[in-house]
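The values are calculated or read from the model by the stated rules, or taken from the named source; none is laboratory data. Owing to the predicted nature of the structure, the values given are computational and were not obtained by experimental measurement. When we count neighbours, we look across all protein chains shown, and the Cβ atoms used for this are built from the backbone with ideal geometry, even at glycine.
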Amino acid sequence: MLPYPKNEIPRASLPARIIGIGNAGVQLADRLVMNSPGLAEIVAMNSDAQSLASAVAPRKSNLGPRTTRGLGAGGDPEVGYEAAQESLEEIRFSVEASSTVILLVGLGGGTGSGAAPVVAEAAKEAGAFVLALVTTPFSFEGRRRAAQAAEAEAALQRHAHAVIRFENDRMADLSSPREGISETFHASDRLLTECVASFLEMLNGEGPMPVTLGNLLSVMREGSPSALFGRGEGQGDNRAHEAVERALKSPLLDRGRMLDDANAVVVHVGGPPSLSFSETAAIMRETSKHVPDDAHLFLSVSVTKSASSPVTVTVFGNHQGGAPTPSAQSVKTARPAPEPKAAAEFVKATKKDPPSAPAPEQKEDSARPTPPGRLFADEPPAPVAAPAPTKKTAPAKVRQETLQFEPAARGRFEKSEPTIVEGEDLDVPTFLRARPKH
Amino acid sequence: MARHDILVGVEVGTSKVCAVVAESGRDMELRILGVGMAPSRGVRKGEIVDLSIATECVHDALSEAESNSDVGIEDVSVAVTGSHIASFNSRGAVVIPSERLEIDEEDLNEVAIKAREVNIPTENTFLHSIIQHYYVDGQEGVINPVGLVGRRLEADFHIIHGVKTRLQNSLRCIEENGMQIDQVVTNALASSHAVLNDHQRELGAVVIDMGGGVSDFIVFADGVVKQSGVLAVGGDHVSNDISLGLRIPLTRAEKLKVDEGSALIGKSVPGEMISLKNDAGFSGKEIEREMLNTIMHARILEIFNLIHKQVSAETPSHKLGAGVYLTGGCSLMKGIREVAESIFEMPVHLARDAGVSGPKSILNNPQYSTAIGVVRFVQARMAEEEEPTLLGSILGRIGGIFSRR
């Protein structure tokens, strides 16, 4: 991996910032504050003063106090856009001097759909890597919202470096039908926060094999817009194994099967200093089995300082097929806006990075579902669906195994004539009997 | 009895059925014409537990051997084993009538019968009586007493016997296929014929045939069979131990044993893990290599310890100059030689069949050694019959019981 100057691609040197925009975004941001404190600077932005007041995010921005009078955008993206324009200075202040800006947006409403593209643009102008995690409305919320969400997503595509979309229509399938509604929302929030956390870990983690933005982008840009995400943790003797298994079990990966037609996959392994090479190798072997031979496979390893932290495996890939998969999530790649300098810098950096493969602009072509001629067209690849996020990756079930303690464990010889020599039943495993005498 | 020069040996083992078709040439030359092998079912610890399935397996192996060798098989000789097979050494004595001075062959037969006049369980039958030494008027070391002058003839025999019905079951699955049983020989004796030459017998050697269900052993000292025995523990027990110890299915334990396992401990990198794959290629579990090896080591160590205890009780190690010869499928296990060496404290060889010509892949595979040994045993018997010596006539009784059934 070629090193590149830090000033060209701001990475790790500056803090990451997470901005929740709109009601859904603020809620997610709150969840992040509570789940992983100290992860990044978290900013809540909303045009609804009441929602901001109850938010726990350390920094809050009230968008368009004059436009909306603190009453919210009322589901109208135009109002949201106006509000954002009014508070542009404040937005710029929020995004400056950060390496990575992650936007959390629930599309389809007013503030999120209207203001998010403005925030993305400002962040990109400030030189940050902009990643937008968006949720699309449920289909039962009506076409109007779906159309607004699609429009907003298209706008985000132009300004953010990458957009990851969670189609929340799938959420109901992913959690058990009898589960309480708050449980369901909790689970989906967890998935989103895990996703954010793992991206930050990948980008900021210190370790022998960092993932580069180039790697990440090549995964998000190559092939079709739909992406795959899975994350698992493991602790104890079998931690590497458990972690990779849980990651692959993620409902978004369909037990690893979804990786079958991935064409680029990033595997991030995070762990305590005791993480060994053989564990990493085992994880990679396991993952690569599910990935086609010709796919790009990027490995990144980061090591935390805490010895008690679990081994985490994050698998992030994209789909080859043009049609979005039924997966709850898909990624829309960002086209570099014609002007922003950050994008230009970014392109430079990715070009330097050998594994990230050819010029990102070209990849974007293929990444777009629209024909090449419409590369810079405004309309987005019409995503439909509504808010609520998806279910958490396979819940880590820790089950206490009972120790098998039958003195006569004879296995396959259970029903055969016992072989008794010197008073010992030789059909019982030697290691279960007394230590062999010499 | 096979009068022609085509010899067929069959071993109905716990894990596989092996059939070897060989052609006997002059000067005890043996050429393998073809082999057949079929995975064995219905056999546990060397004995038949499901006759119809075992019969099918035998049929598969025999027809494969037939088509490979292009020979129609009619008579087969069979290796038998099982925990019921036991052995002891016995001395028989006859007094030569005073009107006759010379010892003749009739006396040799009689002394062999006398040697068998010992108590064996009523359900048991004699399998082999193998001559060890003759004594004429108390004089030791007589090799061939015919023609010698003496008043009293004594002889030491190594007698192997087993439960009649259980032996018959082993033969049934071959007879059901329309084959005639030529000779019956124990696994251990057959294996020794495959792996030892006269020189090694003279020096003294232990042959251990570790199969799937049983481990047979035979001890040669001073050129004769000194001891033999069957320990109903084999490679299947190792797999079973792995399966129970690591909580994995038996088939996977078996595969793990073959692919990854070693009987040596302390040789793997600490913390080295092996990941197990399930049918879908998904990894099911990860296990520590040392753990696997420890389980295997414990079992193999125990097998050798038990055999060593029996051997050393009767045969001092200085009588075993050639050392230990390991054969059978289980001898393919990694590290098994080193474990055996640590127990027996003498050279341990992984036996290969010497003095047989044929495809190298067969000769180098210890899984075939018992079946090849059966053929060698029959060949040796035939050579003795052609030129009937005293030794031959006594050995001629071996297996006679079963060839009539």
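If you check B:Asp241, B:Asp216 for being among the acidic types (Asp, Glu) and over 23 Å from B:Ala351 (Cα atoms), only one passes: B:Asp241. Every condition in (1) assigned to a strand (DSSP E or B); (2) surrounded by fewer than 23 Cβ atoms within 10 Å (Cβ to Cβ) holds for B:Gln200 except the one numbered (1).
Looking at the stretch B:271-291, is at least one residue closer than 17 Å to A:Leu426 by Cβ and crowded, with 19+ Cβ neighbours inside 10 Å? Among the residues of the stretch B:271-291, not one is closer than 17 Å to A:Leu426 by Cβ and crowded, with 19+ Cβ neighbours inside 10 Å, which makes the answer no. Here is a check on your reading of the model: is B:Leu189 modelled with pLDDT of 90 or more, buried (at least 24 other Cβ atoms within 10 Å of the Cβ) and in contact with a helix residue (DSSP H, G or I) (Cβ under 9 Å, 6 or more places away or on another chain)? Taking the combined requirement at face value, the residue satisfies it.
If you filter the stretch A:122-149 down to residues that are among the hydrophobic types (A, V, I, L, M, F, W, C) and in a strand (DSSP E or B), you find that the one that is nearest to the chain's Cα centre (by Cα) is A:Leu133.
Could you tell me which of the residues A:Pro273, A:Pro326, A:Pro354 is modelled with pLDDT of 80 or more, more than 14 Å from every other protein chain (Cβ to nearest Cβ) and surrounded by fewer than 16 Cβ atoms within 10 Å (Cβ to Cβ)? One residue alone meets the criteria, A:Pro273. Against the test of being surrounded by 18 or more Cβ atoms within 10 Å (Cβ to Cβ), on the phi > 0 side of the Ramachandran plot and in contact (Cβ under 8 Å) with a residue 12 or more places away in the chain, the options B:Gly46, B:Gly36, B:Gly13 yield a single qualifying residue, B:Gly46. At least 1 residues being under 29 Å from B:Leu127 (Cα atoms) and not hydrophobic (A, V, I, L, M, F, W, C) is the threshold, and among the strands (runs of 3 or more DSSP E) wholly inside the stretch B:216-323 those reaching it are B:224-231. Could you look through the stretch A:48-86, keep only residues that are under 18 Å from A:Glu121 (Cα atoms) and touching a residue at least 40 places away in the same chain (Cβ under 8 Å), and pick out the one that is surrounded by the fewest Cβ atoms within 10 Å (Cβ to Cβ)? Ranking the candidates gives A:Pro77 first. Of all residues in the stretch A:77-118, those that are under 21 Å from A:Pro15 (Cβ atoms), of a type in the set (A, V, I, L, M, F, W, C) and under 20 Å from the mean Cα position of the chain (by Cα) total 6.
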